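Please read the structure below before turning to the comments.
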C-alpha cells in the first residue's frame, strides 16, 4: 500500500503525548513516526540509552511508552536490547512466548557515535534481529550541548566554544552511517523527518521487517543546541537535506540507493545560517569556514553519487 | 544415586549451568573464568541446552545483555573475573536496583593494577556494595552446590536480587578434585521454572523498566532494595535446608570447624579454608585449642550470627585476601569488627591479616603462625599489631606489623 501521512497518523499512538521533550525537538517526531511503522498486532521491546529521550519520557511513575521499554545506562542500549532479543529467541524455542515481538534500540549521537559505539558494533556483528536507531542531534544535548564526534566542524558547543583563538569544533564529524554499512548488515539507512515523512516511515518499516540487524541514522535537530527558532524544526530538516548536508540514502545488502536528489542543491550556508551554533561562521573574515564545509559536503555527496552508481 | 566425578571448579560450575539450562548466557573471555563459557558453548553447540549463548564484545555488554534478557523474563547467567567484573561495575548496580535475579560465576582474581592473573578477592570485594548477594566456595563441590542454590535464592519473591557465586581462581577453578553431582532431573526439580509476573515480552501487559527516579521516590526504592537483601538471609537458610534434604550436604552462613572448645579462631573465605583446616588439625594434635570460621555468605553480611559465633573466643584473626587501602584493615575485618562492636564489649581481641595478594602462596605453616600469634594474644591479653601482612617479603611490612 502506498504511503500516506494521513493513514499513518491514524494508527494508534505507541508513544504518547505528555512527555517532557522540548517543543521544536526532532527526536520525539522521529520516534513517534518510526513506531507508526510497526504492525499494530506486533509487540515491541524498546530500549533507550540515557539521554534526553529517556529522561523526558520515563520519569517514575509515568511512562510515555505503550510498548515494553527498558533503559539500562548510557552506553549499552544495543547490548541491553540484544540480551532481550536473545531471551525472546530462547523462550520462543521453548514455546513460552507467542506472537511477534520487534526489538528497537534508541540512542542519541553521544550514546551511539561515542560511548555506545562498541556496544552497537557488537550487537550488529552478532546478528541480533533488532533495529538500532540513532537520533543524531550532533552533540550531548542532555548534559548541556557538549561536542560529540557527530558535531559538525566549527560548531560552537559548550566544550568546543567559538573562542577568540579557536573558532568552535576543529574536527570533521564521524561518518557513522558508513561505519554501519561496513558492518555488512542487511539494511542501513540515513534519513530525516522531511515533508510528509514518507522517507522516514518507509525506511523504518523496511528496517523493522528485515530479518537481522538493521540501523537507521536519523537527523534530529535540537532547538537548544542548534539555536534555531523553535517552530522552524521542519524547515531546518528540509534545509539539511536540500543542501546535501544530510543526504537521504539507504544501503540494502551492500547496494547504495540515494532516496532524494535535490533538483537544486542549495549552498550549505542556507542550512548553517538560521542556527545560532554557526553564527560566528558568518562574521567577516570567517568566510573560509563556510567554504571548507561546502567543499566537504560536496566531496561526500560526490562520493555517495559514485557509490550509488549515479555518476 | 549421586554421580561421583572428578572435575575442576570451572567445569563443575559449567555442569551446574548446563543442568540449570538458562535462557541466555552472555559472557566474555577472561582468565581464569574463561573455561566456563568455553565449556558452556560446547553444550550449546552439541544441543545439550536450550540456551542462547551471546558471545558479547565486552563484560560491560555481558552484564548489559543479562539485564535485557532477565528483564525479558528469561534466566540470564554469566561468568567473569577481576577486570571483567570491574568493567561490569556500572551495570552491576543497575541489575540490583532493577531487582533482576541474574546469576554470575565469579572466579576470583586479582584486580589490576598491576596486572596479575592469579587469585585474590580484590574483584568481588570491590563489588561488595553493588547490591549483589555473594556466596563464597571452598572447593569445586561448594562452587557447584552454591550455583545450584543460586537461582532459588535470587528469584525468591522476597529477594529478587542478583547473585554471584565466588570461588578462588586457579586454586579451585583449575584444580581437579572429586565431586558429587546431582542427577539432571533432581536439579531441574530443585531449581524449578522462572515465571516472573512482570517482564518485557508480555504483550498483554507491557512494562517500562529503568526510569529516571527523582528525589520523590528514589530513596524508597533504594530502601526496598536494602530490605530485600535483609530478607535474603532467611531465604538463604531456607534454600540450604531444602538442598540438604536432597543432597545430604549442609550449608549455613558460615561453617565452624573445631570451634566448640576453641580459644582462638581465624575467619576467612574460599579455598584457604582447606589450608586452615589442615593447620587446625596439626595444632590440635599439639593440644592447642584453635578453630576456624569459614564465611560462605558475605552479602548479606550475617553480622548478628557472626558476632554470636565469635563471641566466645579470646582472640580472632580476620583474614583478608584483599586490601581496602583505607589504612584501617581489609573489608572482611572491618565488617567483622563492626559486628562485634555493635554486639557490645568486651568480646574477643581481634586482629587483621592481609594475605595471599596476587596469589602469594599461603601454606599450612602460615596459618600455624597466625594461630600461634592468636594464642599469644589470648595468653597475654595484649595485641601487638592489629593490621598485619602475612607472607609479604619486605622489611617495611615486618616493621609495621606481624609477619610469618
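Just a few scattered comments:
- Over region A:134-227, Cα pairs under 8 Å with separation of 6+ residues give a relative contact order of 29 percent.
- Here A:169, B:231 are placed in order of increasing Cβ neighbour count within 10 Å, fewest first, which gives B:231, A:169.
- Between helix A:287-307 and chain A: long-axis angle, C-alpha atoms, 0 to 90°, nearest 10: 40
- The stretch between residue A:294 and residue A:93, if pulled fully straight at 0.36 nm per residue, gains 67.1 nm over its current Cα-Cα span.
- Alpha-carbon centroid distance for the pair region A:273-307 / region A:1-43, whole angstrom: 32
- Cβ-based exposure ranking for A:130, A:91, in which fewest neighbours within 10 Å come first: A:91, A:130
- For region A:213-308, a Kirkwood radius taken over Cα pairs fed into Stokes-Einstein (20 °C, viscosity 1.002 mPa s) yields D = 147 µm²/s.
- Between the helical axis of B:272-285 and the longest alpha-carbon principal axis of chain B there is an angle of about 30 degrees.
- At R0 = 35 Å, FRET efficiency that the Cβ-Cβ distance of residue B:197 and residue B:129 yields, to 0.05: 0.80
- Between A:240, A:86, A:37, the GNM of chain A built on Cα springs shorter than 10 angstrom shows A:86 fluctuating the most.
- Legend: P(r) of chain A from all alpha carbon pair distances, 10 Å bins from 0, whole percents, reading 6, 28, 36, 22, 6, 1, 0.
- Three-way shape label, region B:73-170, alpha-carbon gyration tensor, a/c 1.5: oblate
- Proxy reagent accessibility, fewest Cβ within 10 Å first, across B:89, A:226: B:89, A:226
- Taking the square roots of five times each eigenvalue of the Cα gyration tensor of region B:254-400, the equivalent ellipsoid has semi-axes of 20, 18, 16 Å, listed largest first.
- Using alpha-carbon coordinates, inclination of helix B:35-45 to the longest axis of chain B, degrees: 20
- Cα-based shape type of region A:140-272, given that a ≥ b ≥ c are square roots of the gyration tensor eigenvalues and the cut on a/c is 1.5: prolate
- Among the residues of A:121-133, the average count of other protein chain beta-carbon atoms within 10 Å of the residue beta-carbon is 2.
- Mean projected area in nm² (Cα convex hull; one quarter of hull surface) for region B:3-247: 13.2
- Angstrom value of the Kirkwood radius, inverse mean 1/r, which spans all Cα pairs in region B:236-320: 13.6
- Under the simplified labelling scheme, the residue B:183-residue A:235 pair shows an inter-label distance of 7.9 nm, with each label point 7 Å from Cα along Cα→Cβ.
- For the protein assembly as shown, convex hull of alpha carbons as volume per residue, Å³: 178
- Cα centroid separation - region B:211-239 against region B:60-130, whole Å: 19
A short reminder: the numbers here are calculations on the coordinates, not readings from a lab. As the structure is a computational prediction, the values presented were derived from the model and not from experiment. Neighbour counts run over all protein chains shown; Cβ positions are idealised from the backbone, glycine included.
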